[in-house]
Amino acid sequence: MDEVRIEGKNGYIKVCLERLFEFPNNTGLSGGYDGKWKLEIKSSNYYVNGEIYVSTGEIYKFYCSLKECYNNLNGTAELLTYEDNIQLSVKFDKFGHAVIFGEYVEKVDEDNKLVFEIISDQSYMLKAVNDLEKLVNKYGDLKGIKW
């Protein structure tokens, strides 16, 4: 199963691939293959289960940014999506601390959203970087997989 889990002390974010559209024949406008993903967010006592549409190209860009922040223990990695119903950032400091924060809106035409913050550190992030790397190795970069 293709999934990524980003964990922290008080929660996690998990995305699981449900379907890729036009894989491996055509890539989408935002790079890579457009996909439908199941989303789980747990932050302290708050929990949401929904879906998001994210391309493998957007996953690739997030992976590159997160890996660089993890290696340098500095910076912010952001997952930016064309649907804009998830805003996800991971911010590192030089001491190895990380904060996962953002917001999720299931339906953009309704005024319901979960604003979340998950406290983490570099020890949790290696699994997330490895999970993302597996997806990138399988589905490629902004241009998709190479034949």
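A short reminder: the numbers here are calculations on the coordinates, not readings from a lab. Keep in mind it's a predicted model, so treat the numbers as computed, not measured. We place every Cβ from the backbone using ideal geometry, glycine too, and count neighbours over all the protein chains shown.
Some points to look at:
- When Y12, Y53, Y47 are checked against the criterion of being aromatic (F, W, Y), assigned to a strand (DSSP E or B), free of Cβ contacts under 8 Å to residues at least 60 places away in the same chain and in contact with a Lys or Arg (Cβ under 8 Å, 6 or more places away or on another chain), a single residue qualifies: Y53.
- The residue list Q122, Q87 contains one member that is surrounded by 13 or more Cβ atoms within 10 Å (Cβ to Cβ) and farther than 26 Å from L20 by Cβ, which is Q122.
- Subset of segment 31-75 (residues that are surrounded by 18 or more Cβ atoms within 10 Å (Cβ to Cβ) and over 23 Å from M1 (Cα atoms)): S43, S65, C69, Y70
- Of the residues making up segment 101-111, none is hydrophobic (A, V, I, L, M, F, W, C), touching a residue at least 12 places away in the same chain (Cβ under 8 Å), surrounded by 21 or more Cβ atoms within 10 Å (Cβ to Cβ) and closer than 23 Å to K127 by Cα.
- So N112, is it more than 19 Å from I13 (Cα to Cα) and of a type outside the set (V, I, T): no
- Output for segment 64-92, where each listed residue is in a strand (DSSP E or B) and at positive phi: G75
Residue-wise test of (1) assigned to a loop (DSSP other than H, G, I, E, B); (2) under 14 Å from I13 (Cα atoms); (3) touching a residue at least 40 places away in the same chain (Cβ under 8 Å).
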residue: S30; (1), (2), (3): yes, no, yes
residue: G35; (1), (2), (3): no, no, no
residue: E58; (1), (2), (3): no, no, no
residue: K94; (1), (2), (3): yes, no, no
